[in-house]
Amino acid sequence: MPVKIRLQRRGKKGKPFFWIIAADSRSKRDGRYLEKIGSYNPTTNPAQIDLDVDLAVKWLQNGAQPTDTARAILSYKGALMKNHLAGGVRKGALTEEQAEAKFNEWSETKRDSIDHKKATLSESKDKAKAEALAAEKAVNEKRAAETAAAEAPAEEETTEETVEASAETETEETPAAKSAIEEAAEEAKEDKKEA
């Protein structure tokens with residue numbers, strides 16, 4: 001029975017989530033499996049991978065063949081490296097302590113590179129957000145300036161019209177009507193200044 005280490009699809013439509021499993025190569029993609037080794041979520045950046053490295057090494061030593069994607073995931077998490085070092089221990093090229101020290105050193109450098117990637121992603125995200133905010137402020141200031149420029153000539157026209165209208169009505173209307181017109185013109189000016 002040829003065993004494969006492969007991905008089994010889970011999750012909703014458009015939101016993939018995978019289990020990393022050891023399964024008979026003849027079984028369906030989402031069918032029966034022998035053992036669940038971990039999980040893989042490609043929708044996050046960087047991808048979230050939870051893998052039982054020791055279990056993966058056990059299956060690799062028993063002859064399980066990983067698919068291309070599973071091989072990349074196992075390599076990323078260090079299962080292939082640990083399997084390689086275990087082979088060196090079996091052959092007598094390394095001691096168990098030396099193999100463990102090499103694996104720990106490799107995993108530390110890998111963790112540092114992942115942390116650096118996360119920091120770079122968050123910095124670029126913050127920078128893009130700040131640039132978008134600055135661009136939006138510039139557009140808002142431009143709109144406010146255009147609105148103020150459009151309202152200024154309109155105010156001048158209305159004051160001139162009210163003055164002309166009041167001059168025309170001075171000859172025709174009584175003093176009480178004149179004062180009412182002047183009060184209305186002053187209120188209009190104040191309203192426009194407040195707006």
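Working ranking of peptides 88-101, 126-139, 66-79, 21-34 by packing, defined as the average number of other Cβ atoms within 10 Å per residue, highest first, is 66-79, 21-34, 88-101, 126-139.
Computed over protein heavy atoms with a 1.4 Å probe, the accessible surface of segment 1-132 works out to 66 Å² per residue. Ranking 104, 59, 41 by Cα position along the charge dipole of segment 1-130, where only Lys, Arg, Asp and Glu carry charges on their C-beta atoms, puts 41 farthest toward the positive end. Rounded to the nearest Hz, the phi-derived 3J(HN,Hα) couplings of segment 38-45 under the Karplus curve 6.51 cos²θ - 1.76 cosθ + 1.60 (θ = phi - 60°) are x, 9, 9, 10, x, 7, 8, 10, where x marks glycine and proline.
Residue by residue, segment 100-117 carries 3J(HN,Hα) couplings of 5, 5, 5, 5, 5, 5, 4, 5, 5, 5, 5, 5, 4, 5, 5, 5, 5, 5 Hz when phi is fed to the Karplus relation 6.51 cos²θ - 1.76 cosθ + 1.60 (θ = phi - 60°); x denotes Gly or Pro.
Given +1 at the Cβ of Lys and Arg, -1 at the Cβ of Asp and Glu and no other charges, the dipole of segment 52-153 around its Cα centre is 380 debye to the nearest 20. Distances between placed amide hydrogens fall under 5 Å for residue 10 paired with 17, 18, 19, all partners being 5 or more residues away or on another chain. Of all the C-alpha pairs in segment 1-120, what % are more than 22 Å from each other? Across segment 1-120, Cα pairs with separations above 22 Å total 40 percent.
The values are calculated or read from the model by the stated rules, or taken from the named source; none is laboratory data. Worth saying up front: this structure is predicted, and the values here are computed from it rather than measured. Every residue, glycine among them, receives a Cβ derived from its backbone with ideal geometry; neighbour counts consider all protein chains shown. These accessible areas exclude ligands, DNA and RNA; they are computed on the full protein's heavy atoms, side chains included. Shrake-Rupley method; radii C 1.70, N 1.55, O 1.52, S 1.80 Å.
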